[in-house]
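Undergrad: One structure coming up, written as structure tokens, with questions to follow.
The values are calculated or read from the model by the stated rules, or taken from the named source; none is laboratory data. This structure is a prediction, so every number in the text was calculated from the model and none was measured. For neighbour counting, all protein chains shown are included, and Cβ atoms are generated from backbone atoms with ideal geometry for every residue, glycine included.
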Amino acid sequence: MRKPADTSVDLHPVLAERWSSRAYDVNATIGADDLTAILEAGRWAPSAMNGQPWRFMVAHRGDKAFETIIGTLNGFNKVWTPNAIVFIAVLARMTNEDGSPRPTALYDVGLAAAMMTVEGHHRGYNIHHMSGFDHDAFTSSFGLTSDLAPIAILAVGKQVSADQVANEAVRERELAGRERLPLTELVIQTH
Ligand SMILES: Cc1cc2nc3c(=O)[nH]c(=O)nc-3n(C[C@H](O)[C@H](O)[C@H](O)COP(=O)(O)O)c2cc1C
């Protein structure tokens with residue numbers, strides 16, 4: 001299903017066509033090159049002082065880690081994610097070696113996630129970001145050190161049509177329109 005962005009001028013097709021689906025093909029797989037390309041896109045994101053505070057954890061459907069991640073998700077996310085091909089958990093190094101904070105870590109990590117999203121959609125996958133998970137449970141399940149914060153989990157899947165979704169709530173969300181604030185509200189005019 002397509003839900004192109006309603007824009008005042010044309011965007012790059014990948015940007016216009018990207019959206020966060022929840023209807024994934026349970027039999028889909030991902031090629032090693034495609035997965036590597038998505039991770040490379042994150043790796044080559046810009047970051048303050050080239051600090052690269054992002055870390056990525058990849059868990060394939062069928063792996064123990066995949067089930068562990070599903071166990072940390074909130075109720076609704078648990079429903080639609082099992083058909084994802086892989087989860088990419090995006091983590092941030094929030095501090096420097098000396099313990100001082102990295103003030104732009106979240107910004108940098110968000111950029112890496114955005115770059116991965118664009119590369120993934122360009123390659124025919126749908127990437128759906130999630131912050132709806134128990135961050136403490138994630139940290140303890142994977143024994144993360146205290147300087148590494150789990151920020152988001154990216155579900156990577158192959159989209160199928162909404163009528164193939166059995167769960168009614170998921171199907172409803174799949175068919176819902178996409179909305180944004182108008183540009184006039186987002187752009188603060190300067191004089
Ligand atoms: C940081 C972040 C966290 C999100 N968390 C969730 C989530 O836990 N569950 C979910 O179904 N969608 C989640 N989303 C998806 C958003 O709801 C979605 O991007 C937004 O509604 C805009 O829709 P679009 O991506 O289709 O344009 C998240 C998106 C972002 C960027």
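Undergrad: Please find, among Asp34, Asp10, Asp6, the residue that is part of a loop (DSSP other than H, G, I, E, B), of a type outside the set (Ser, Thr, Tyr) and away from the ligand (no atom under 16 Å from the Cβ).
TA: None of the other options fit; the residue is Asp10.
Undergrad: Here is a further query. Given (1) touching a residue at least 12 places away in the same chain (Cβ under 8 Å); (2) away from the ligand (no atom under 13 Å from the Cβ), identify the lone condition not met by Lys64.
TA: Only one criterion is unmet by Lys64, namely (1).
Undergrad: With the structure loaded, tell me whether Gly42 is in a helix (DSSP H, G or I), surrounded by 14 or more Cβ atoms within 10 Å (Cβ to Cβ) and within 14 Å of the ligand (Cβ to nearest atom) or whether it fails that test.
TA: No.
Undergrad: Would you confirm whether any residue within segment 132-147 is surrounded by 16 or more Cβ atoms within 10 Å (Cβ to Cβ), within 12 Å of the ligand (Cβ to nearest atom) and closer than 26 Å to Ala16 by Cβ?
TA: No: segment 132-147 contains no residue that is surrounded by 16 or more Cβ atoms within 10 Å (Cβ to Cβ), within 12 Å of the ligand (Cβ to nearest atom) and closer than 26 Å to Ala16 by Cβ.
Undergrad: Condition test on Val79, is it within 16 Å of the ligand (Cβ to nearest atom), among the β-branched types (Val, Ile, Thr) and either at pLDDT 95 or above or in a strand (DSSP E or B) (or both)?
TA: When the stated conditions are applied, Val79 passes them.
Undergrad: Using the structure shown, decide if Ile188 is closer than 26 Å to Ser8 by Cβ and touching a Gly at 6+ places or on another chain (Cβ under 6 Å).
TA: no
Undergrad: Additional query: Looking at (1) touching a residue at least 40 places away in the same chain (Cβ under 8 Å); (2) surrounded by fewer than 17 Cβ atoms within 10 Å (Cβ to Cβ), find the lone condition where Ala152 falls short.
TA: (2)
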